[in-house]
Amino acid sequence: FKIVRVETTPIDGQKPGTSGLRKKVKVFIQPHYLENFVQSTFNALTTEKVGGTTLVVSGDGRYYSKEAIQIIIKMAAANGVRRVWVGQNGLLSTPAVSAVIRDRVGVDGSRASGAFILTASHNPGGPHEDFGIKYNMENGGPAPEGITDKIYENTKTIKEYFIAEDLPDVDIATTGVTSFGGPEGQFDVEVFDSASDYVKLMKSIFDFELIRKLISSPKFTFCYDALHGVAGAYANRIFVEELGAQESSLLNCTPKEDFGGGHPDPNLTYAKELVARMGLGKSNPQDEVPEFGAAADGDADRNMILGKRFFVTPSDSVAIIAANAVQAIPYFSAGLKGVARSMPTSAALDVVAKHLNLKFFEVPTGWKFFGNLMDAGLCSVCGEESFGTGSDHIREKDGIWAVLAWLSILAHKNKENFGGEKLVTVEDIVHQHWTTYGRHYYTRYDYENVDAGAAKVLMAYLVKLQSSLSEVNEIVKGARSDVAKVVDADEFEYKDPVDGSISKHQGIRYLFEDGSRLVFRLSGTGSEGATIRLYIEQYEKDPSKTGRDSQEALGPLVEVALKLSKMQEFTGRSAPTVIT
Ligand code: VG1
Ligand code: CO
C-alpha cells in the first residue's frame, strides 16, 4: 500500500468528554471528522509511541463501527503502526479491550500498546443516534486528561492526516491474520475471538465451580439482559456455557447496531423488560420471578443488579462487594489494597472502608481517575453511582465482572445450603449490610438536553451562593424545617495522589450537618445540549429506619435541592427526565 497525505482543516467541537468523543452519527460521518480525531490522537501520542506498535480497534458494534474500523486500520497503517487487532465482527466490550491490552499475546507473540474503543456507551445507536470513540493507553485505561487535552488542542490546528487509501478492506468477520506490504515494511491485521481472553481472565478471578453450583441449585433462578449491546457476545459463553445457566435466562443478548431501537442503559427506566421480569414493574404477582437479575449497557462496562422485586443501588453494590470480596472472591483472598469511589457516589463505601480499616479515595467522575490509584497498588475495588463497578483486574469498569462478583457473594452465603430450605437472597444480603453499616438513601435526578446556556447559569448561581452559608441555610430552612443545616459547600477539586495532577470544577457539593449531601454536576458524556445531574444522599444509622422507600425518605432533601438551585426557574423543567 501507499501512504497518502490528505489536507484537512480543523472541525469544531472535538473535545473528548468524560469518556471520549461522543456525537450524533450524522456528525461523525462528515468528511474528515473521524480522520481528524484519529490523526490528532496519533499526533498526541507522538510518532515514537505509534510507530511499530500493536493497536486494538473494536467496540460495541453500534452503527458506523464497521466503516470506522476500516478507516482506522488504513490510518494506522499509514502512521507506522505495525499491527492492528480487531475483535471478530469488530466487537469487544470496553472491559474486554482493557483486558486484551493488558493480557493478550498475539499469534506472533506481540502485545498491544493501546486501543481505539468505538462506543457511545449507554447512548442509543443507529443512523440518527450516537457514535463515539476513545483512546485507551498501555495500562488498559482511558487516556488521562494530559493526553485528551493534547488531542483536543491538535484537533484545533490539524492540517493533514495520513491514510493508506489503497489498502483493501479487511474481512473482520473471520478470525485470522492478513498481512500487507507497505513502504516501511509489513503491516498485519489480526482478527480474533471477542470473548476468549476475557473469559479466561474471569475464570482466573472467580470460583466458577462454586457459582456453577449456585446456578444449578433448584432454588436459584437467573436472568441477564444485554439490551442488545456487546455484553451479548460474552453472556452466552460465560453464563450458559461456563456456568450452566439456561439459555432462556438471557434476554436481548444478540448485539445489534441500533440496540434493537432501545436505549442501552441498564437502569430502572430503560431496562424495561428485565425490570418487569424481576417483578419491579407492572408484573403479575403470580409470575415466576427470578432470584437474581442483571443488565449491561451498550459497551458492557455498566451493570444493574436486581434481586426478586428488589433494586440494588449502585452505590450500595460497590460497598457490598468491597465488604464481602475477601471471603467470596478468590482474586481478593489476600486482602484489599484499598477502595475508591467517584465523588457523587454515596458514602456507603466510606463506611465499609472505615470498618475494615482500608485505604479510601474519593475521585472525580469518570473511570480514568481510578487507573492511577490501581497502577500504584492503592486500590482494589472501586465504583460509581452511575452503574459502574470494577476492580484492578483491568482499568475500566466491568459489567460482567460485577455480576460475577454478586453471584460469588450469593454462592458464598449459600454454600452450606444449596439444596436447603431457603436461599439467602440479594435482598437479604443488602438488608444485612444496612444493619451492619447503616443505609445511605440515594437518588439521582437527571435533566437531559437542557439549554446549555441555562445550565451554565444555574451552575454559576450555585457556586456564587456557596460564598454565603447563612443565605444557603435561610433557603434551606424556608423550604423544609425538618432538614439539617448546611455546614459546608464547595466545588470539588481533586489532586491525584500519584502524579499530583489537579482536576478542577468537578461538581458542586452541599454538605449537611447529619451527613446528607447534595451534588450538582454537568454531564460530560451527552451529545446534544446539556444534562444537569443532581445527586441526593442521606445517611441513616438506626437499623429500625433503614427499610423505608428511598424516594419517600429523600423527599425533603429533594425539595431543598430544587429550591436551592431554582431548577425550574433556570431550566423551565418541572420534573427530571430520568430518576435513578
Ligand atoms: C457518566 C457517568 C460517569 C461515567 C461516565 C462514563 O458521565 O456519570 O459516572 O463514568 O458516564 O460511563 P457524565 O459525565 O455524563 O455524568 V460510560 O458507561 O458512558 O463509558
Ligand atoms: Co458504558
When the stretch 15-36 is examined, which residues are found to be under 30 Å from MET343 (Cα atoms) and not β-branched (Val, Ile, Thr)? LYS15, PRO16, GLY17, SER19, GLY20, LEU21, ARG22, LYS23, LYS24
Of the residues in the stretch 97-119 that are of a type in the set (Val, Ile, Thr) and in contact (Cβ under 8 Å) with a residue 60 or more places away in the chain, the one that is farthest from ligand 2 (Cβ to nearest atom) is VAL107
When the stretch 288-302 is examined, which residues are found to be acidic (Asp, Glu) and either part of a strand (DSSP E or B) or more than 15 Å from ligand 2 (Cβ to nearest atom) (or both)? GLU288, GLU291
Report whether or not ILE305 is within 16 Å of ligand 2 (Cβ to nearest atom), at pLDDT 95 or above and of a type outside the set (Phe, Trp, Tyr). yes
Members of the stretch 383-434 found to be of a type in the set (S, T, N, Q) and surrounded by fewer than 24 Cβ atoms within 10 Å (Cβ to Cβ), listed by number: ASN414, ASN417, THR425, GLN432
Residues that are in a loop (DSSP other than H, G, I, E, B) and among the charged types (D, E, K, R), drawn from the stretch 351-399: LYS359, GLU385, ASP392, ARG395, GLU396, LYS397, ASP398
Tally of residues being closer than 25 Å to GLN506 by Cβ and either in a strand (DSSP E or B) or free of Cβ contacts under 8 Å to residues at least 24 places away in the same chain (or both) across the stretch 13-30: 6
Flag if GLY293 is in contact with a strand residue (DSSP E or B) (Cβ under 8 Å, 6 or more places away or on another chain), in contact (Cβ under 8 Å) with a residue 60 or more places away in the chain and more than 16 Å from ligand 1 (Cβ to nearest atom): yes
Within the stretch 514-562, of all residues that are more than 16 Å from ligand 2 (Cβ to nearest atom) and of a type in the set (Ser, Thr, Tyr), the one surrounded by the most Cβ atoms within 10 Å (Cβ to Cβ) is TYR535
Restricting attention to the stretch 78-87, does a residue exist that is buried (at least 22 other Cβ atoms within 10 Å of the Cβ), within 16 Å of ligand 1 (Cβ to nearest atom), assigned by TED's automatic domain parsing to the domain that holds GLY176 and within 22 Å of the chain's Cα centre (by Cα)? no
All but one of (1) at pLDDT 95 or above; (2) more than 14 Å from ligand 1 (Cβ to nearest atom) hold for THR119; state the number of the condition that does not hold. (2)
Quick check on the stretch 356-369. Is at least one of its residues within 16 Å of ligand 2 (Cβ to nearest atom), of a type in the set (A, V, I, L, M) and touching a residue at least 12 places away in the same chain (Cβ under 8 Å)? no
Evaluate the stretch 150-163: report whether one residue or more is over 29 Å from PRO95 (Cα atoms), within 29 Å of the chain's Cα centre (by Cα), modelled with pLDDT of 95 or more and outside any loop (DSSP other than H, G, I, E, B). yes
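The values are calculated or read from the model by the stated rules, or taken from the named source; none is laboratory data. The structure presented is a predicted model; accordingly, all values stated were derived computationally and were not measured. Cβ sites come from the backbone with ideal geometry, for glycine too, and all protein chains shown count toward neighbours.
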